[in-house]
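Below is one structure, written out as structure tokens; comments come after it.
The values are calculated or read from the model by the stated rules, or taken from the named source; none is laboratory data. Keep in mind the model is a prediction, meaning the values are calculated, not measured. Neighbour counts are summed over all protein chains in view; Cβ atoms, including those assigned to glycine, are modelled from backbone coordinates with ideal geometry. The area values use the complete protein model at the heavy-atom level, side chains included, leaving out ligands, DNA and RNA. Shrake-Rupley method; radii C 1.70, N 1.55, O 1.52, S 1.80 Å.
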Amino acid sequence: MRKLLCALPLLFAVPLIAQSAPQMPGTMDVARVTAGTYNTDPGHTLIGWRVSHFGFNDYFGIFGDATGTLTLDPANPNAAKVDITIPVGKVTTASTGLTGHLLRAGKDGGKADFFGPAPADAKFVSTSVVASGTTAKITGDLTLNGVTKPVVLDTKFSGAGNNPFNKKATVGFHATAVIKRSAFGISYAVPMISDDVTLDISVAFEKAS
């Protein structure tokens, strides 16, 4: 009996705890998305990249602080437009040596192995959107290292709601793509370092006031 009496407060506490659990501000509910123009949240937008190193393992890095806009109408998702600028000079990896190599000038005034010092920003501008439910194929022109090529992003809606700090309506997406770096004039050590670069993109857009 004593054990039963001791357990009763816990039994009553469980539903109370469940009721008080915080709700996530963003959920995968397309009904929360409203039409308009959105700006990237640069502090929470990341473009990850991954390449194979000598066929042994992958190494990867991140571009951050991307800026740009999304124009979206949930009633006509195929009319959406995306324009994103990516500061290549802010590339980061877990290795200071690798990061330095990515931004190092070429020897004796020659071509840089990768981006070189003070590289121009990369830019992606959509040219078409084909949506299906909560996914879409976004085709656009990617400009990188002074070269522009078409790229297709496989995109998935990941959440919408109001940011609890600044109260702005926010939508989020994940996207993936594979590009060939040699197509953008970056062919150092191909194929020992893979030509294929896998992009993994996580982007948050906040509605413009």
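Determine the dipole magnitude for the stretch 87-149: charges of +1 sit on the beta-carbon of Lys and Arg, -1 on that of Asp and Glu, nothing else is charged, the reference point is the Cα centre, and the result goes in debye to the nearest 20.
Roughly 40 debye for the stretch 87-149.
Residue farthest toward the positive end of the dipole of the chain, with Cβ of Lys/Arg at +1 and Asp/Glu at -1: which of 120, 42, 52?
Towards the positive end, the residue furthest out is 42.
Would you be so kind as to identify which of 145, 64, 165 lies farthest towards the positive end of the dipole of the chain, taking Lys and Arg as +1 and Asp and Glu as -1 on Cβ and the Cα centre as origin?
Value: 165.
Where Lys and Arg each count +1 and Asp and Glu each count -1, what net charge lies around residue 177 among other residues with Cβ under 12 Å from its Cβ?
Working: positive: 50, 137, 149, 180; negative: 154, 196, 200.
Once positives and negatives cancel, what remains is +1.
Between [x] 55, 36, 26; [y] 71, 36, 30; [z] 85, 46, 29, which matches Cα extents along the principal axes in Å calculated for the structure shown?
[z]
Keeping all protein chains in place, calculate the accessible area per residue for the stretch 152-192 (probe 1.4 angstrom), answer in Å².
53
Cβ under 13 Å from residue 206's Cβ, residue 206 left aside: what net charge do those residues give with Lys, Arg +1 and Asp, Glu -1?
Every neighbour counted, the sum reads +2.
Quick one: net charge of residue 131's neighbours, Cβ under 15 Å, K/R +1, D/E -1?
+1
Let me know the charge dipole size of the chain about its Cα centre in debye, to the nearest 20, where only the beta-carbon of Lys, Arg (+1) and Asp, Glu (-1) is charged.
460
Where the centre of each part is set by its Cα atoms, how far does the stretch 53-68 sit from the stretch 176-200, in angstrom?
Rounded to whole Å, the Cα centres lie 11 Å apart.
With a cut-off of 14 Å, note down the residues of the stretch 132-157 whose backbone N falls inside the zone around a label point 7 Å from the Cα of residue 78 toward its beta carbon.
Only 132-133, 136-139 pass the distance filter.
With the cut-off at 19 Å, tell me which of the pairs 81/149; 167/207; 137/167; 81/137 have Cα atoms farther apart than that. All intermediate terms of the calculation are to be shown ahead of the outcome.
Details: 81/149 17 Å; 167/207 10 Å; 137/167 29 Å; 81/137 12 Å.
Over 19 Å apart, Cα to Cα: 137/167.
Starting from 0.36 nm per residue, how many nanometres of slack lie between residue 174 and residue 59 once their C-alpha separation is accounted for?
39.4 nm
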